[in-house]
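This report refers to the structure that appears directly beneath it.
Here, each number is a calculation from the coordinates, and none is a lab measurement. Keep in mind it's a predicted model, so treat the numbers as computed, not measured. Positions of Cβ are generated from backbone atoms using ideal geometry, with glycine treated the same way; all protein chains shown enter the neighbour counts.
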Amino acid sequence: MNKHSRRGFLAGSVVAGLAAMTRAVAGPRDITTTAWRNWSGTQMCQPVARFAPGSEFELMEFLKHNKAQIRPVGAGHSFSPLVPTNGRLLVLDKMSGLISHDTISKRATLAAGTRLSESGPLLAKADQAMFNLPDIDRQTLAGAISTSTHGTGKELKSLSGYVTGLRLITPGGELLELDENNDPDIFHAARVSLGCLGVITQITFQNRDPFRVMTRTWIEETEKVLEGFDGSANAYEHFEMMPLLHARYSLVIAHKETEAPLKSGPEADDGGEFLSLMDATPVMLRGQLIDTLASQIEPSEAVSESYDGLANLRFDRFNEMEYSVPLDAGAACLREILAVIEKDKIDAVIPLEYRIVKGDDTWLGMFSGAPRISISVHRLSRYDYRPLFDRVEPIFWKYEGRPHWGKVHQLGYEQLSSLYPRLNDFVRLQAELDPNGVMLNTHLKKIMGKS
Ligand SMILES: Cc1cc2nc3c(=O)[nH]c(=O)nc-3n(C[C@H](O)[C@H](O)[C@H](O)COP(=O)(O)OP(=O)(O)OC[C@H]3O[C@@H](n4cnc5c(N)ncnc54)[C@H](O)[C@@H]3O)c2cc1C
């Protein structure tokens, strides 16, 4: 079973437009004024221009002379309005690939515009693999670390937690080489930077030996999975559950490292049929239907290379809200969300996602300081997500939830600074590196307390 066939309930897609929108030009010239949209289609803007540098030198020259608002964009897979600008979009598609690697330390430096999906095979050739991957692998490396993108695993950090070095070009056009010994403050801030400290051009990751995963998926009662969650998270390096709405069951996904031969799983299933069936079924009847279906769904098993087995493809577009809560609050928070959706008969079909992530030492990481549980709520993008998200978000607040920077949330500086203890330091650093505020759009000004 590979990423085409796994986890048949959520669906999604591949970013289409960016490559076409960023046709190669030589030198720092504007490319097109085509409108920009994110993956879910909810965030849009009409940038005055796009700039796709082919080298650090070109980018530095561009930034030295720039006076207008700029926003770096990766694969456009964030749901929150981090990217939209009426100024210029900076696209790093031309800065992609493996730059260097060290066979002893298992560290590798990649260009910032490299997609996660490209990194797996590139690193495999260098006898390395990333420790973990998020749910999909279409994001760019810079985009992914800039929002503290993560997968699941009790002993596994977010991608930013494995960054050991960065090259960042400041808004003024100065190249900084950052690691824990060189400008450590900027380094720890820039590992989760929301794209507002400058433009990241290269990232060095601590990797490991390549590995395979045995992926098991099954359906089990949500309460039973929750009760055994700690044990399961110890038994499987990557363990998560996807509680079905208006039902007693969860889809469970567990990956265990293995040396077994590759083994493909069931026929490809993007989960679209399930979502369509649920969507066509009145809310009141969904639980009954799922209970009936649950007993008929067979567990599945597959063995893949880690970079193939840990990430999925999502075909049906959706919007997502995700918060992380302290470990001991995870189960109560999840139960409360499920109960509210059930009680209010909220019409949503995509299962929740419940994951565990180890802590790190970044300034703005969702898991900065301690391990936490992350919980995601989704709504197909053809529907208004507000009724669902507005109802659920206060539950996250009650459990001291920290929002995922790349996903929908309503918080501003005041609330965020009590959740992210280093936010104040980050704001100060941002102002030092970007005194004219050229990297701040409306959303970022709200986060930085400048609106
Ligand atoms: C279907 C789907 C599944 C997802 N699954 C997960 C998941 O499992 N776990 C998870 O944590 N998240 C997940 N996400 C969220 C996603 O990983 C993040 O929003 C990520 O930041 C998107 O990366 P991107 O390359 O698309 O960057 P964008 O969304 O384009 O940009 C994100 C941020 O990075 C900044 N940025 C981009 N390039 C640079 C650069 N070169 N220098 C400086 N800043 C830069 C941007 O300015 C912006 O602030 C998912 C999203 C989707 C659509």
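Restricting to segment 398-408, what's the tally of residues that are out of contact with any Asp or Glu (no Cβ under 7 Å at 6 or more places or on another chain) and surrounded by fewer than 23 Cβ atoms within 10 Å (Cβ to Cβ)?
Total satisfying the criteria: 3.
Being within 21 Å of the chain's Cα centre (by Cα) and assigned to a loop (DSSP other than H, G, I, E, B) is the filter here, so list the residues in segment 394-406 that pass it.
If the condition is that a residue be within 21 Å of the chain's Cα centre (by Cα) and assigned to a loop (DSSP other than H, G, I, E, B), then E400, G401, H404, W405, G406 are the ones that fit.
Could you check, for segment 178-187, whether at least one of its residues is near the ligand (Cβ under 8 Å from one of its atoms) and in contact with a Leu (Cβ under 9 Å, 6 or more places away or on another chain)?
No, segment 178-187 contains no residue that is near the ligand (Cβ under 8 Å from one of its atoms) and in contact with a Leu (Cβ under 9 Å, 6 or more places away or on another chain).
Determine the pairs where a residue that is farther than 17 Å from N436 by Cα and in a helix (DSSP H, G or I), located within segment 59-75, has a partner that is within 9 Å of the ligand (Cβ to nearest atom) and among the polar types (S, T, N, Q) with Cβ atoms under 8 Å apart, the partner being 6 or more residues away or on another chain.
Pairs found: L59/T201.
I'd like to know if segment 29-42 contains one or more residues that are more than 9 Å from the ligand (Cβ to nearest atom), assigned to a loop (DSSP other than H, G, I, E, B) and surrounded by 23 or more Cβ atoms within 10 Å (Cβ to Cβ).
no
So, restricting to strands (runs of 3 or more DSSP E) that lie completely within segment 202-280, which ones have at least 3 residues that are surrounded by fewer than 22 Cβ atoms within 10 Å (Cβ to Cβ) and out of contact with any helix residue (DSSP H, G or I) (no Cβ under 8 Å at 6 or more places or on another chain)?
Those strands (runs of 3 or more DSSP E) span 212-221.
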